[in-house]
Number of protein chains: 2
Amino acid sequence: MSVPPVVELPNVVDVVNIGLPLFETALRAQEQAVIGVDWRIPAGGDSEAVAALARLLGPRADRIERANAEVIRRLNEGVPMLVGIDRAGDVIPGFGERDVLHCGPAIAWQDMPDPLQRSVRAAVVAEGWAEDVAAAGALVESGKVRLQPANEHSTVVPMATSIGPSAPVYVVQNEVGGTTAYSSINQGSGAVQWFGVDNDQAIERLRFVRDAVGPVLAEALASRGPVDVFALAAQGVPMGDDVHMRVQATTNLFLRDLLPYLVRSTHPAAPEVATFLSGNHLMFLNVAMAAAKSLVEWARDVPESSIVTTMSRNGSTYGVRLAGGGDWFLAPSPPIQDALYYPGYGPETSAPDIGDSAVLELVGLGGPAAANSPAVAGFLGGRMSDAIAATRSMQRICAGESPRFRLPILDNIGTPVGVDVRKVVELGITPAVNTGVIHASDGSGQVGAGVAWAPIACFIDALLDLDRRLA
Amino acid sequence: MSVPPVVELPNVVDVVNIGLPLFETALRAQEQAVIGVDWRIPAGGDSEAVAALARLLGPRADRIERANAEVIRRLNEGVPMLVGIDRAGDVIPGFGERDVLHCGPAIAWQDMPDPLQRSVRAAVVAEGWAEDVAAAGALVESGKVRLQPANEHSTVVPMATSIGPSAPVYVVQNEVGGTTAYSSINQGSGAVQWFGVDNDQAIERLRFVRDAVGPVLAEALASRGPVDVFALAAQGVPMGDDVHMRVQATTNLFLRDLLPYLVRSTHPAAPEVATFLSGNHLMFLNVAMAAAKSLVEWARDVPESSIVTTMSRNGSTYGVRLAGGGDWFLAPSPPIQDALYYPGYGPETSAPDIGDSAVLELVGLGGPAAANSPAVAGFLGGRMSDAIAATRSMQRICAGESPRFRLPILDNIGTPVGVDVRKVVELGITPAVNTGVIHASDGSGQVGAGVAWAPIACFIDALLDLDRRLA
C-alpha cells in the first residue's frame, strides 16, 4: 500500500459559483469572497428553442444584428411630439363609429375578464349607445359593437381602459419616422373605468374627461404648440420618475408648461379641469405611452429583427410581437407578484396583468429606468439597490441603450432599450412591469400594485417564428 | 564592520496615510490599496483656538451638547407654514416706511459693493422715493433712507436683493416655535435687481412683482390655505433638488398645488403672472429660505450652543452668528471658486459671495442635500460622487441629521443639519454654498455660478466668543 500524497489546502480559496447559488450563499454566510454567476441552462433546456437560439445567435446573427441596429436607431432617434387632442373616431385610422378599442391582444367579449367587460360596458354607456351597463352588456353580446385591440390601431391604453369613438385622445407624431400614435386621457384615481369600474361615478368621469378635460387640454395645447414628449421624460427620469409607475415629476413639468394657457382658458370647465389636473399625478402616463407607441410603430417595419415591438395584456392573455413579424404570440396573462394590497384584498381577488402600458418598457422607460426612482425602489423593497437591480435585469435582455434617458445613480448611463427575444429566451429573464392591481370580479377598481413578469412562453413562440422566417 | 542584517520586505503592505496625501496618491497611482485619513492640524494650529477647542470639546462639552440637542430639535421639528403674502412694511417687525432691508450683515451705504448699491437704488426708485437711480443714490447718500440688514428683521433675501416697505413678502409661520419669518418674491432671470441690475427693466420687474405677482399669488394662497413648505421640500429632495441651487422639482410641486387657484383667479394680471411663474424655476427658493429662517429664529434663543444660526453675506462681508449669542462675527466675503462663467466673464469681473440664501445650509438643504441632485453634481464635476462628497463634507461639520430631508442615493439617510462651529474650526472645513456669480461693477447681472466656501476667520471668532461666554 502506498501512502497517499499529502495535499496542502490553500489558506485562501477564490470561488466563482456558476448556476444555482448554493456554494455562493454558504460562502457569503461565512463572509468569504465569492463571485456568483447567474448562469442557467439556455432556454430552460427546451431543445427546440436551444436549436433555434444556436442559429439565431450563430449563422443568422449578422442579419439580426443589422436589423436590430436599425430598430434601436428608430427607438432612440424618433422624436415624438404631442401635437394635439382629438376625437378618437375622427383621427384613429380604421376606428368605426360602432367600435370600441380595448387594451391588449384581440379577445372576444365572452373571453374578456370581468374588469375589461366592465370597462367596455362603461364606454358603451358613455357613448350613449345604451342606457345602463346591463343594456350595454346585452348590446355588446348581440354583436352590435365591434371590439378591436387598440394596438392594431396605433393606439395604446393603460390598465383596463377601453374607448369609444367620442373619447378624446392624445395625438403624438413621430415626424422623422412618419408615424402617429394615440392614447386616451388619464382618468385619475378613485372609481374609474381604467381600473375596471363601471358604476355611475366611473361613467360620469368618462364624460367629464370627454366634455371637459379633453377640450380644455386641447385648447391649451393648441395655444402652446407641440410638446416634445421625451424631452420632458428625459428631465423626469433624473427627477426620480421611471415614467411608468411613477410619472409625477414629468407630469409636473407638463403642467408647468401648460400653466399659462390653462390660466388663459375661457372654457367654462377650466377651473374644474385645473383641480382635476392638480390632483392626478399620473396625467403624463398616457402621453408617454402614445409617444412610445409612435416609436415602436416605426420600428416594427424593420424585417429580420429579434426586438420586441408590442408587449400588451388584456387581463386574460399576454401578447408580444417582434419587429418585422406581424403575428402576435400569446400566453396566459400572469398574476401580479410581490404585490402590496389595500387592506382586505389579496392575490385571490385580483385580476391578472392588464393594459398596454408595457410599451414603455420597450423604449427605455418603466423597468429600464427604475434605477433612479426612489418611488419604484420603495415599492421593490425599499433600497435604491432594489431599483438598480430592476434596471440591471433589463440591461441583460436589451440590445441597446437610450441616449436620452439617463440614470444619474449609475453615472448617467442610458437606460436599456430594445428587448431582444434571443436574450429573453436564452437567459430565461422576461421583462418585469410595475403595474396596478385591480379587482378580478367585483368592479371595485384598484386593490394594490405589484410586479408582473411577462410569461416566457410567448417569447419562445416569437423566437421560433423568427427562426422559421429567417430560414 | 558588521554586516547589516537582511530585512525581508513583505509582499503586501497595508498603508494608512494620515494627513497630506503624498503617499496615498503615489500608492493609488500604483494601484495599491491604501486608506487615506484626511487629518489636519486642529484649527490650523492657531494656539488660542486650539485651547478654546480643548475646553469646548472637553470640560464644557456636556453643556454644549445639551444645548445643541435642543437646537437640532428645533431645526428638525419646527413646521414652517407659508400662510400668505403681505406688504413688507405692514408685516415685518420694525420695518419703517423709509427703510430698505438688504442681504447680509449690516453695512453702510458707502461700503456696499456695487451690485448691492444698484439693488438699493432700484428698490428706492420702485418705491417712488426718487425719479431715477441717480436721484435714488443721492437720496440714500444723504441719509434719508435707513439701511437695515434683513436678517435683523426675521427676513432673508437671496443674492443682492433689497426691499422697500411696499415689496410683497412671503409670510412663513413656525407655529410650534412661535416664530415668523419673511422673504421677498423671486424676480426670475434676466435683468433683475436680485442680480445687482438697476436698469429700467429691473425696476419694471420689481413693480411687476409688487403689483401683479404678489397680489395674484396672495389671492391663490388665500384660497388654498397654508402650505407646509418643508413637506414640499422633502418631496423635492428625492426628485433631485438640493432646494438651493436647484429648486425646480419643488417649484413644480408648489405650482401644481396652486394651479386650481391660479386658473380661478379673476385678477387682470393672472395670465401674465402665470407666464412668469411657468418660466421661473427658482420660484420656490425664497419660500424655502423664509421657512429656514423661521426655524433658525426659533433655534437662536437656545443659550450655550455651538451651532450656527445665521450665515449671510452682503458681497463685502460674510457674517455668522451662533445660537445663544447675539453678536455677528465677520470676515471678508470670499470670491466664488470653481465657477462656470458666461462667455466673456471671469473671476476678475465678479463680485464676492452675496446673499442670505446660505440659511438653507443651516437646516439640511443646499450643500447638505447635494448628494441626490444630478443638477448640483453636473455643476461640481459631473458625477454623482462629486455631489455625494459635498454632502459628506457637510456631515463632518454638522451636529445632527434631518428626519425629513432624505437622500435616496445614500440609502435614505437624512441630510446633515446644524453646523457646529467646533467641528468647523477643528477640521478647517467651512460650509460650501453653491451660488450665482454676479458682475462686480457694471450692473450686468448674473455672469456665472460657482461654489463659495465660507471664510474660516468668522467661525474662529465665533468659537472664541462662545468659549468666553461659557467661562
Can you figure out the FRET efficiency of A:Glu65 with A:Asp86, using R₀ = 35 Å and their beta-carbon distance, to the nearest 0.05? 0.35
Any idea what the A:Glu97 label distances to the other copies are, label 7 Å down the Cα→Cβ vector, nm, shortest first? 7.2
Output the relative contact order of the stretch B:5-132, whole-number percent, from Cα pairs under 8 angstrom with separation of 6+ residues. 11
Any aspartates and glutamates whose Cα falls less than 12 Å from that of B:Lys144, other than same-chain ones fewer than 8 residues away, would be B:Glu97, B:Asp99
Which net charge results when you count Lys and Arg as +1 and Asp and Glu as -1 among the other residues whose beta-carbon is under 13 Å from that of B:Gly381? -2
In debye, nearest 20: dipole of the protein assembly as shown around its Cα centre with unit charges on the Cβ of K, R (+) and D, E (-)? 180
Positive-pole candidate from A:Gly94, A:Phe208, A:Gln395, dipole of the stretch A:45-469, charges at beta carbon: A:Gln395
Give me the dipole magnitude in Debye, nearest 20, for the stretch A:371-471 about the Cα centre, with unit charges on the beta carbon: positive for Lys and Arg, negative for Asp and Glu. 240
Given contacts defined as C-alpha pairs under 8 Å and at least six residues apart, what's the relative contact order of the stretch B:163-222, whole-number percent? 27
Please say if the stretch A:134-174 is rounded, prolate or oblate, where rounded means a/c under 1.5 for a ≥ b ≥ c the square roots of the C-alpha gyration tensor eigenvalues, and otherwise the choice is prolate for a/b larger than b/c and oblate otherwise? prolate
Under 5 Å between amide hydrogens, which residues at least 5 positions from A:Asp99 or on another chain qualify, with H placed 1.01 Å from N in the peptide plane? A:Arg146
Counting only GluC sites (Glu not before Pro) that sit in a DSSP loop (anything but H, G, I, E, B) with at most 16 other Cβ atoms within 10 Å, what is the longest stretch of chain B containing none of them? B:176-471
Would you mind giving the mean number of other chain beta-carbons within 10 Å of the Cβ of each residue in A:370-376, as a whole number? 3
Give me the one-decimal nm value for the distance between modelled label points at A:Ala389 and B:Asp228, 7 Å along each residue's Cα-to-Cβ direction. 3.2
Nm distances between the label at B:Thr266 and the same-position labels in the remaining copies, 7 Å along Cα→Cβ, shortest first? 1.8
If you place +1 on the Cβ of every Lys and Arg and -1 on the Cβ of every Asp and Glu, how big does the dipole about the Cα centre of the stretch B:47-469 come out, in debye to the nearest 20? 740
With label points built 7 Å along Cα→Cβ from the Cα atoms of A:Leu22 and A:Asp38, find their separation and express it in nm. 2.1
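So what is the relative contact order of chain B, in percent, for Cα pairs below 8 Å that sit 6 or more residues apart?
Worked out over chain B, it gives 19 percent.
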How far is it, in nm, from the label point at A:Asp442 to the one at A:Ser189 when both lie 7 Å from their Cα along the line to the Cβ? 2.0
Residues in the stretch B:309-336 reached by a label modelled at B:Glu48 [backbone nitrogen below 17 Å; 7 Å Cα→Cβ]: B:328-332
Order of B:Asp327, B:Asp198 - criterion: other Cβ atoms within 10 Å of each residue's Cβ, fewest first: B:Asp327, B:Asp198
Evaluated over the protein assembly as shown, the Cα radius of gyration and Dmax, each in Å: 31.7, 116
Summing -39500 (n - 2.57) over the DSSP H runs of n ≥ 4 in chain B and dividing by its residue number, what mean residue ellipticity at 222 nm do you reach, to the nearest 500 deg cm²/dmol? -11000 deg cm²/dmol
Charges on Cβ only, +1 for Lys and Arg, -1 for Asp and Glu, centred on the Cα centroid of chain A; of A:Trp453, A:Leu116, A:Val376, which one is farthest towards the dipole's positive end? A:Val376
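Taking square-rooted eigenvalues a ≥ b ≥ c of the alpha carbon gyration tensor, is chain B rounded, prolate or oblate, where a/c under 1.5 means rounded and, failing that, a/b exceeding b/c means prolate? Mind dumping the intermediate values first?
Working: a/c = 1.77, a/b = 1.71, b/c = 1.04.
Prolate is the answer for chain B, as a/c is 1.5 or above and a/b outweighs b/c.
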If you average the C-alpha positions of the stretch B:126-180 and of the stretch B:412-451 separately, how far apart do those two centres end up, in angstrom? 23
Once the dipole of the stretch A:45-469 is set up from charges on Cβ (+1 Lys and Arg, -1 Asp and Glu), the residue from the list A:Gly240, A:Thr250, A:Ile413 lying farthest towards its positive end is A:Ile413
If you put a point 7 Å past Cα along the Cβ direction, how far is that point for B:Ala33 from the same point in each other copy, in nm, smallest first? 0.7
Within chain A, longest stretch clear of exposed trypsin sites (Lys or Arg not before Pro) (DSSP loop, no more than 15 other Cβ within 10 Å): A:145-382
Measure out, as a whole number of angstrom, how far apart the alpha-carbon centroids of the stretch B:301-353 and the stretch A:248-303 sit. 43
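Only the coordinates and a few stated rules stand behind these numbers; no lab work does. Keep in mind the model is a prediction, meaning the values are calculated, not measured. Neighbour counts are summed over all protein chains in view; Cβ atoms, including those assigned to glycine, are modelled from backbone coordinates with ideal geometry.
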